[in-house]
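Asker: The structure that follows is given in the form of structure tokens.
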Amino acid sequence: MKQSQLFSKTSKTSEADATSVNHDFLVRAGFVDQLMAGVYSYLPLGWRVLHKISDIVREEMDAIAGQEIFLPALHPKENWVKTGRWESMDVLFKIKSQSDSEYSLGPTHEEVIVPLAKKHINSYRDLPKAWYQIQTKFRDELRAKAGLLRGREFLMKDLYSFHATREDLQAYYEKSKQAYTNVFTRCGLDAIITEASGGSFTKEFSHEFQVATENGEDLIFTCACGFSQNKEIAKVGEGDRCPRCGKEKIKAVKSIEVGNIFDLGTKFSKDFDLKFTDEDGTSKEVIIGCYGIGISRLMGAIVEVHNDEAGMIWPEEVAPYEYHLVSLGDNDAVYKQSEEVYEQLTKSGKEVLWDDRREASNGEKLGDADLIGIPTRLVISPKTGDKIEVKKRAEKEIKIVSIKEL
């Protein structure tokens, strides 16, 4: 992609309502545009990042036998009445049609996936099953804030697993923990598996995946041994001895939740009469698990963790491009050499953003490269001659190499 043709432009100034690092940098760098509080348009650079994250999530969900589907965002009121959540869920967007029929915009999809499962699960031979989707969700947040971290409209992966026995669900639940850890590691994040309340679904713990950062909205109490609980259910405090290892002291850490997993038990099976016939001929309720990752929220979390004062520093696997090629100086020889490098890299399958803007100053180009945060910057200028200056965004060292070496 030539930067002169890129849909979006960068900005030197922060917006007045930019209260978070991810909002500030993503808007200034032209990755997203805020339409209103909690609602964003994803521009070409941001959309590429979302695709990269989504591809990672798909690969890891497929690896644990997840099958991708796509469910409606518009839900009938009746399904939500059956589960009791039409009145109890305070973030539910409710709408009325011209014919006075009432609907909700999906904040989650138990009310859709369980009735669907009822059409396809009849026998123990139909179990287990795991279906997931990546889809836009809607939640009527009173305080949409912190950029992509708390939105009213957002992209989410939700997976639902269906089991004949609690032991089978538990085995899959543990597999999902590893799959989630893989996702976050590949996205450049060190996620802490954290015990959380099971809510209204189960008396057992659910689990959150939290990423430590000073800008986090959540607070967890954690130990180096791997023990971690969120503040809502914590039975320990900062400075207490860890109940798991008995050696280290508990630390209070600010964090961002990037995923969660729930044992839903038979709650929704009861609501929709989802049963299966077991080997012995008895009718039993299906046991369900739920597993969520906020895709757009994850994008914001990556920026909150990977940045410096100049801009974002994208981990390689989720960066919009591999290389940011920058041509310095309004010099025909520089642009001819740059074009040759650009064509060679793209033909070899590399993803390159080429700053070919002749009207932009050298300082503006280098500043934009830092702000956008692509992992490797390549500079061609009158000073480099037939060589190329190579610098990793996260490092200070600069190397001079030939095109062949590159």
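Here, each number is a calculation from the coordinates, and none is a lab measurement. This is a predicted model, so every value here is computed, not measured. All Cβ positions, even for glycine, are placed from backbone atoms using ideal geometry, and neighbour counts span all protein chains on display.
Asker: Taking the Cα centre of the chain as origin and charging only Cβ (+1 Lys, Arg; -1 Asp, Glu), how large is the dipole, in debye to the nearest 20?
Answerer: Values: 56 positive and 66 negative charges, 38 e Å.
Once rounded to the nearest 20, the dipole reads 180 debye.
Asker: State the volume of the convex hull built on the alpha-carbon positions of the stretch 321-402, expressed per residue in Å³ and rounded to an integer.
Answerer: Spelled out: Cα convex hull of the stretch 321-402, divided by residues, is 84 Å³.
Asker: Could you put Ser283, Ser101, Ser296 in order, starting from the residue whose Cβ has the fewest other Cβ atoms within 10 Å?
Answerer: Going from sparsest to densest Cβ surroundings: Ser283, Ser101, Ser296.
Asker: Could you tell me which of Ser97, Ala191, Val112 has its Cα farthest along the dipole of the chain towards the positive end, charges placed at Cβ (Lys, Arg +1; Asp, Glu -1), taken about the Cα centre?
Answerer: Ala191
Asker: Find which of Leu26, Ser327, Pro315 sits farthest along the positive direction of the dipole of the chain, computed with +1 on the beta-carbon of Lys and Arg, -1 on that of Asp and Glu, about the Cα centre.
Answerer: Pro315
Asker: If I fit a long axis through the Cα atoms of helix 44-62 and take the longest principal axis of the Cα atoms of the chain, what angle between them do I get, 0 to 90°, rounded to 10?
Answerer: 40
Asker: Among 106-117, 25-36, what's the highest-first ranking by average C-beta atoms within 10 angstrom per residue?
Answerer: Values: 106-117: 21.7, 25-36: 20.1.
In descending order of packing, they fall as 106-117, 25-36.
Asker: Given Phe262, Pro243, Phe70, which one lies farthest toward the positive end of the charge dipole of the chain, if we put +1 on the Cβ of every Lys and Arg and -1 on the Cβ of every Asp and Glu?
Answerer: Pro243
Asker: Kindly rank 147-155, 235-243 from highest to lowest mean number of other beta carbons found within 10 Å of each residue.
Answerer: In decreasing order of mean packing, 147-155, 235-243 become 147-155, 235-243.
Asker: While we're here: Can you work out the base-10 log of I(q)/I(0) for the stretch 43-126 at q = 0.21, 0.25 1/Å, using the Debye formula on its C-alpha atoms alone?
Answerer: At q = 0.21, 0.25 Å⁻¹ the computed log10 ratios are -1.03, -1.13.
Asker: Here is a follow-up. Under a plain spin-label model, where a point goes 7 Å from the Cα along Cα-to-Cβ, how far apart in nm are Ala171 and Ala333?
Answerer: 6.9
Asker: Return the unpartnered cysteines for the chain, using a Cβ-Cβ cut-off of under 4.7 Å.
Answerer: Cys187, Cys290
Asker: If you don't mind, another one. Which of Ser361, Ser338, Ser348 moves most in a GNM of the chain, Cα contacts under 10 Å?
Answerer: Looking only at Ser361, Ser338, Ser348, the largest GNM fluctuation is found for Ser348.
Asker: Rounded to the nearest 10 degrees, what's the angle between the helix 166-186 long axis and the longest principal axis of the chain, both from Cα atoms, 0 to 90?
Answerer: Tilt relative to the chain: about 10 degrees.
Asker: Given Cα pairs under 8 Å that are at least 6 residues apart, what percent is the relative contact order of the chain?
Answerer: 16 percent.
Asker: Hey, which of these cross-link pairs are over 28 Å Cα-Cα: Lys254/Lys350; Lys52/Lys251; Lys157/Lys396; Lys77/Lys119?
Answerer: Cα-Cα > 28 Å for Lys254/Lys350; Lys52/Lys251; Lys157/Lys396; rest within.
Asker: Rank the residues Arg244, Arg357, Arg393 as a footprinting-exposure proxy: fewest other Cβ atoms within 10 Å of their Cβ go first.
Answerer: On the way: Arg244 13, Arg357 17, Arg393 22.
In increasing order of surrounding Cβ atoms, one gets Arg244, Arg357, Arg393.
Asker: Given +1 on the Cβ of Lys and Arg, -1 on the Cβ of Asp and Glu, and no further charges, what dipole in debye does the stretch 321-402 carry about its Cα centre, rounded to the nearest 20?
Answerer: 320
Asker: Same structure again: In whole angstrom, note down how far apart the Cα centers of the stretch 125-159 and the stretch 331-406 are.
Answerer: Distance between centres, Cα-based: 38 Å.
Asker: Lys284 versus Thr384, label points 7 Å from Cα toward the beta carbon: distance in nm?
Answerer: 6.4
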